[in-house]
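What follows is a set of notes on a single structure, which appears directly below.
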Amino acid sequence: MSSCSYSLPHSPCIGTGNSTVLPLFKSHSVQFRDGNRNWGLQRFRIVAKSKSDAQPSSPTSLLSFLCPLLNLFSGSDPSQPRNFTFELATSSLASVSRFAWGAKSITGSSLNKGITSDPPVSLQLFEFEACPFCRRVREAMTELDLSVEVYPCPKGSVRHREVVRRTGGKEQFPFLIDQNTGISLYESGDIVKYLFEQYGKGRSSSSGLLESTIFTGWMPTILRAGRGMTRWELSRPDPPPGKLELFSYENNPNARIVREALCELELPYILQNVGEGSHRLKLLLDASGSKEVPYFIDHNTGFQSGDYKTTLSYLFETYSTAIL
């Protein structure tokens with residue numbers, strides 16, 4: 001089992017069996033443009049789609065039970081004032097539960113060696129923050145020092161889940177599109193292996209990254225009470241016209257809180273991974289004057305901030321219909 005799939009009214013996690021190359025699908029077009037970024041989806045091949053659905057396992061049933069329960073505990077209004085001492089404590093524990101995975105970059109990533117300017121982003125990831133298997137892929141992307149366009153697909157999605165369903169035939173996450181090669185993948189294990197084969201220059205993922213998900217991958221979801229799982233009902237229905245950009249690395253506790261909000265608001269964004277040893281640190285320094293993350297940039301309004309609390313307030317004030 002290496003993917004999450006939620007459908008109403010139930011919320012199962014389903015795994016698939018052996019993968020196979022499927023015929024070309026025409027995607028549902030999603031356009032988010034600014035002066036130098038095209039957020040449109042292109043045509044591609046779908047790979048790693050199940051030949052037959054696997055029977056749900058016991059962890060699957062566990063998550064099916066936990067999802068509505070965690071959503072209840074997380075509270076119905078993420079825009080309201082929070083106890084940030086508690087928020088940071090639980091997010092820090094979530095990071096500890098995943099050890100060092102998603103904290104460091106592997107030197108020599110084939111795409112990013114010697115980065116001094118913002119390169120084109122060719123990877124698109126459809127996922128949601130609370131999914132353990134999506135987390136596995138984000139951890140791998142931190143290790144590989146890869147940037148990616150993230151299209152959050154929380155439960156209750158009004159945009160991005162439909163794109164995945166029309167493109168690949170089912171709402172299963174994570175779902176990766178690589179515009180460099182023209183192929184797309186379901187299944188987190190297949191995605192991680194593909195990314196290392198394509199961009200790791202012969203390197204393998206950190207020991208235990210793939211195997212550990214079934215044991216500790218659930219812990220951040222539980223500790224964070226399902227934050228980043230469900231779209232907030234007062235989120236604006238239309239996406240921003242231009243890009244949002246987040247400098248982050250997967251296991252940073254402050255950055256996690258910002259990513260959860262972006263998911264709950266279903267806001268697409270450019271994720272610039274800047275783990276320890278990242279070749280992208282020069283970009284972060286040029287943008288913020290610091291190596292600290294998260295650093296968030298809204299190219300629509302000019303807003304920039306390296307403070308997660310300020311960023312959180314800004315996101316809910318700007319991209320929701322709530323009166324705050």
Response to the item:
Sequence order, the range 153-167: Karplus ³J(HN,Hα) from phi using 6.51 cos²θ - 1.76 cosθ + 1.60, θ = phi - 60°, Hz rounded, Gly and Pro as x, gives 10, x, 4, x, 3, 10, 9, 7, 5, 5, 4, 5, 4, 5, 7
Fill in: the range 121-193: chymotrypsin sites (Phe, Trp or Tyr not before Pro) falling in loop per DSSP and having at most 15 other Cβ within 10 Å
none
Practice prompt. Just subtract the alpha-carbon distance of Glu233 and Arg203 from 0.36 nm times their residue separation and send over the number in nm, one decimal.
Written response: 6.5 nm
Practice prompt. Could you point to the residue in Gly217, Phe247, Leu265 farthest towards the positive end of the range 216-270's charge dipole, with +1 and -1 charges on the Cβ of Lys/Arg and Asp/Glu respectively?
Written response: Gly217
Worksheet item: How large is ³J(HN,Hα) for each residue in the range 79-92, as worked out from phi by the Karplus curve 6.51 cos²θ - 1.76 cosθ + 1.60 (θ = phi - 60°), to whole Hz, x for Gly and Pro?
Response: 7, 6, x, 10, 7, 6, 5, 5, 4, 5, 5, 5, 5, 5
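How much net charge surrounds Ala89 when only other residues with a Cβ under 14 Å from its Cβ are counted (Lys, Arg +1; Asp, Glu -1)?
Working: positive: Arg82, Arg224, Arg227, Arg256; negative: Glu87.
With Lys, Arg at +1 and Asp, Glu at -1, the net is +3.
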Worksheet item: Where the centre of each part is set by its Cα atoms, how far does the range 300-324 sit from the range 185-258, in angstrom?
Response: 21
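Each reported figure results from applying straightforward, stated rules to the coordinates on display, with no laboratory input. Just so it is clear, the structure is predicted and the values come from calculations on it, not from any experiment. Glycine gets a Cβ as well: all are built from the backbone with ideal geometry, and neighbour counts include every protein chain shown.
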